[in-house]
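Structure record follows, encoded as structure tokens.
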Amino acid sequence: MMTETEPMITPGRRPRDGGSRTKYRDSRIAYLLILPAVVLLGIFVAWPAVYATFLSFQDWSFYKDPEFVGWRNFTNVLSDRLFWAAIGRGFAFVAMTVPPMLILAFFFASLVVSVSRRFAGLLKVSIYIPTIISAVITSIIFALIYNYSGGLLNATLSLFGIDPIAWIGDPAWALLAIAIPAIWLGMGLTSLIMVAAMVDVPTEYYEAAAMEGADWWQKTRYITIPQMKNVLLYLLITGFVAAIQQFELPLVMTGGGPLDSTTLPNLFIFNHFRNDINVGYSIAAALLLFVVLGSVSALVFRFVNSERLVD
């Protein structure tokens, strides 16, 4: 028989506790913690993007009020062969930089994980040094190396009887000339990310493969690369985005020349923004470049399987 002091429990209901209240309090704290980041993103990312979209439909400059022109800025950009030439040049630059950088970083990371810990630390420090160097300083250094009459590269080639080459003055060589320092700048972080991914691969896989008589190439092909699939996809996407948006190297080393052979998309947009009175054209070109980047990234995610591996 139930006394007055005993709590009544309704069938099918659990007694109240502080679990839901604690969960609510934790969620509120989490929202408060991310609030500053959301505010900053809203101020410096979301609002500029919305306002830029608004201005892309305007005939606007710093000297007059905006005037709505509809899709005219976009049609002008889409009909501009120089814009499409810059986009095509950007894809060529991606092909020159991203695959070699990923391959070189992969072999360097393989070397790091195969040597002693002390030597591996030295290698990681040495490969990361270019990452902390300004792209402007790198541009100046490589411009001196490529100098036609007194550059280190032509001086080295002359030892083998090769005539000097105008590396950044010849349209046939200029884009390749700025691709090499771009690879050098991106190697450090890419290599360290790959090292972290390789260290995370369970050693039991390699031990089992060694017992079966697998060599280094077989271990790399059937164990390392499949286990690094998501990391390689991430590096491929970020490398593509960084390469096609390269700005400092062509600006400082060649100014986009010779004959626009190094005018990459961002430099093309910057030149229009600097020289064209109608700013709406430049903003429309930037938004179309964003569409191109997003479309290519989506295609890569679509055709490259990025599902997590299951042990």
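Miscellaneous remarks
- A residue that is under 18 Å from the mean Cα position of the chain (by Cα) and within 16 Å of PRO250 (Cβ to Cβ) occurs nowhere in segment 142-157.
- Number of the exception - GLY161 against (1) at negative phi; (2) surrounded by fewer than 18 Cβ atoms within 10 Å (Cβ to Cβ): (1)
- Of residues in segment 140-151 being of a type outside the set (S, T, N, Q) and at pLDDT below 90, the one surrounded by the most Cβ atoms within 10 Å (Cβ to Cβ): GLY151
- The one condition from (1) over 22 Å from the mean Cα position of the chain (by Cα); (2) within 18 Å of LEU267 (Cα to Cα); (3) surrounded by 15 or more Cβ atoms within 10 Å (Cβ to Cβ) that VAL112 does not meet is (2).
- Test for GLY256: is it among the small types (Gly, Ala, Ser), in contact with a Ser or Thr (Cβ under 6 Å, 6 or more places away or on another chain) and either closer than 30 Å to ALA172 by Cβ or in a loop (DSSP other than H, G, I, E, B) (or both): yes
- Only listed residue being in contact with an Asp or Glu (Cβ under 7 Å, 6 or more places away or on another chain) and either closer than 30 Å to ALA197 by Cβ or in contact (Cβ under 8 Å) with a residue 60 or more places away in the chain (or both), chosen from GLY239, GLY280: GLY280
- Taken over segment 254-268, the criterion of being over 17 Å from ALA286 (Cβ atoms) and under 21 Å from the mean Cα position of the chain (by Cα) is satisfied by THR262 alone.
The values are calculated or read from the model by the stated rules, or taken from the named source; none is laboratory data. As the structure is a computational prediction, the values presented were derived from the model and not from experiment. As a convention, Cβ positions derive from the backbone with ideal geometry for all residues, glycine included, and neighbour counts pool all protein chains shown.
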